[in-house]
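Each value in this text was obtained by applying a stated rule to the coordinates, not by laboratory testing. Everything numeric here is computed off the predicted structure, so don't read it as measured data. Cβ placement follows ideal geometry from the backbone for every residue including glycine, while neighbour counts extend to all protein chains displayed.
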Amino acid sequence: MKEFDALKPYLDKKRDLRYLSSIVYYDLQTKAPVQTIEKESEIANSISADIASISQDPEYIKAVKAFAAANGKNPEQTRLAELLMEDISFMEKVTIEQYSAWNQAISASNAAWRKYRETNDFAAFLPYWEKAIKAQKEICAIKKTDKQKTLYDVCLNDYEPGSTEEQVEGVFEPLKKALIEMLPRAMKRQESLDVPEVYPISIAKQSELTPKLLKLIGYDLSRGAIAESAHPFSDSLSKHDARITTNYDLEDYHGNLSTVLHEGGHCMEFQNWPDSHYENYVEMVATAAVCETHSRFYENLLGKSKELAPVLLKLCQETFGGDFLKMSAEEFYNGENLVRPSLIRCDADELTYSLHIIIRFEIERDLINGKIEAKDVPAIWNAKYKEYLGIDVPSDKDGCMQDTHWSENLFGYFPSYALGNLYGAQILHKMKQDIDVHSCLKQGDLEPIREWFATYDFAYDYLHPEDWIKKVTGEKLDARYFIEYLQEKFLG
Ligand SMILES: [Zn+2]
């Protein structure tokens, strides 16, 4: 199609710039020396300004409009056109100066977070954060459409297109009630369980385990990379480059185990897209909730299952030796599935995890909508942790400053994790009708699961999330699959 051919050089250029931007981000979060952070952040800003200026090029805008109006598009191209039109309508409204100021405020806020989280200094972080939040609200006001009632609706739309705070509340309110009610019962039930002692495992041994875990799930190491960062993440840079980072804790090997399965789960999606995703430039369009579905699927639904426990234990025993050799699969499973209200979201068990998300959702919604102020966040955070999880927060470092998201203006992202849990349980239900998930896990052969995902799920992840979940499972999102899954696992 000639309209598509005319657009390709612009999309190729944007893709190359995004690649560079990802490399810089990966470096900044992992190996970049402290003294170069400012310079590298400047470079990152200049790359995003270059991407933005393509979006504002009148020739490009003309090409997008012609492509959107053209007949004969395949389904991937139709979705691409929809997304490009949304992007140019935003870029037509925002000036390059506003856009750069927004990006600069975010970079400064993230750099301040990295510095002051270490020293547990919220007061020093606050002025940078306030500036970034102000810039975010301005951008939201520019983007806001008539369908969106609040500024927070605009944030949500970036990660879960079409969803509103009202809809998210509609799912989260009953979930919150069910979880708060289940929590003491699940803990009581676990009182008599045999749980292994957690003892230190050297970082060297833990990092030996990382590639073994990735190999187990089917991650292709020849098309990826592993590094360490304060806040683990993964990124798809290109067709042959899906990287992860992790974080090692000498005192607790669980964290790395979950993180590697989580970030590896993201990469399973990245590494298994069909070629058509690249040919039609829709390789990076899956929404945050769709992406978090797959990471949390590998981390929890598979990684914390009874069936996979003996397989994971064997890998740990081969790698760690020592007292691990005495551990039974049942003890290992119990250790991975202890329900305990805790401070840190990333380490939370499957039952309390969504409560961590609901707390963040309630705070960021009120913050962006102007109902609360940034300076009050630590106190509100601590009060909610006491109310929902019954725990005291000893420091902001392990409280409201624990996640990178807010320092990067990723407001609206957190709900994706909890929505990912809901989507995941619904997909597992469907997958079990098609393949014998139980014996795949028992045998440690995850290849049929990877194949199922590639065929029935990843190939459609470019769709609008509502259409995607219907395509994958035959029905719209239904929270009951997740609630039933938790009830069976922790109370059954
Ligand atoms: Zn993730």
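Odds and ends about this structure:
- The range 1-62 - percent relative contact order, Cα under 8 Å, separation 6 or more: 43
- Estimated inter-spin distance, Asp16 and His240, nm [label 7 Å along Cα→Cβ]: 1.8
- Centroid-to-centroid, using Cα positions, the range 155-211 and the range 267-321 are 17 Å apart.
- HN-Hα J in Hz across the range 137-150 - Karplus 6.51, -1.76, 1.60, θ = phi - 60°, x for Gly and Pro: 5, 5, 5, 4, 4, 5, 6, 3, 9, 5, 6, 8, 7, 10
- The C-alpha atoms of the chain define a longest principal axis, and helix 165-190 lies at about 10 degrees to it.
- Dipole moment magnitude, nearest 20 debye, the chain about Cα centre, only Lys, Arg, Asp, Glu C-beta charged: 380
- Working from label points 7 Å from Cα in the Cα-to-Cβ sense, the Asp366 to Glu181 distance is 2.5 nm.
- Close amide H partners of Asp249, meaning residues 5 or more places away or on another chain with modelled amide H under 5 Å apart, are Asn256.
- Remark on Glu228: its backbone amide H falls under 5 Å from those of Thr246, a criterion applied only to residues 5 or more positions apart or on other chains, H modelled at 1.01 Å from N.
- A DSSP coil position with no more than 16 other Cβ atoms inside 10 Å describes the following trypsin sites (Lys or Arg not before Pro) in the range 1-84: Lys31.
- For the range 368-465, trypsin sites (Lys or Arg not before Pro) meeting the loop criterion (DSSP other than H, G, I, E, B) and having at most 13 other Cβ atoms within 10 Å: Lys371.
- For Glu138 and Asp220, the difference between the fully extended length at 0.36 nm per residue and the C-alpha to C-alpha distance is 25.3 nm.
- Loop trypsin sites (Lys or Arg not before Pro), the range 117-205, which have at most 16 other Cβ atoms in a 10 Å radius of their Cβ (DSSP): Lys144, Lys147, Lys149
- The range 103-242: relative contact order as a whole-number percent, Cα under 8 Å and 6+ apart: 10
- Relative contact order for the chain: 18 percent, from Cα pairs under 8 Å spaced at least 6 residues apart, divided by residue count.
- For the range 48-63, the Karplus equation 6.51 cos²θ - 1.76 cosθ + 1.60, evaluated at θ = phi - 60°, returns couplings of 5, 5, 5, 4, 4, 6, 5, 4, 9, 5, x, 5, 5, 4, 4, 5 Hz by residue, with Gly and Pro reported as x.
- Taking 7 Å steps out from each Cα toward its Cβ at Ala123 and Lys476 produces label points 5.0 nm apart.
- When exposed loop sites are taken as GluC sites (Glu not before Pro) in a DSSP loop with at most 15 other Cβ atoms within 10 Å, the longest stretch of the chain clear of them is 1-190.
- The sum of -39500 (n - 2.57) across all DSSP H runs of n ≥ 4, divided by the residue count of the chain, sets its helix-only mean residue ellipticity at 222 nm to -20000 deg cm²/dmol.
- Evaluating 6.51 cos²θ - 1.76 cosθ + 1.60 at θ = phi - 60° for every residue in the range 304-311, the Karplus couplings come out as 10, 7, 5, 5, 7, 3, x, 5 Hz, glycine and proline recorded as x.
- The long axis of helix 447-456 is offset from the longest Cα principal axis of the chain by roughly 30 degrees.
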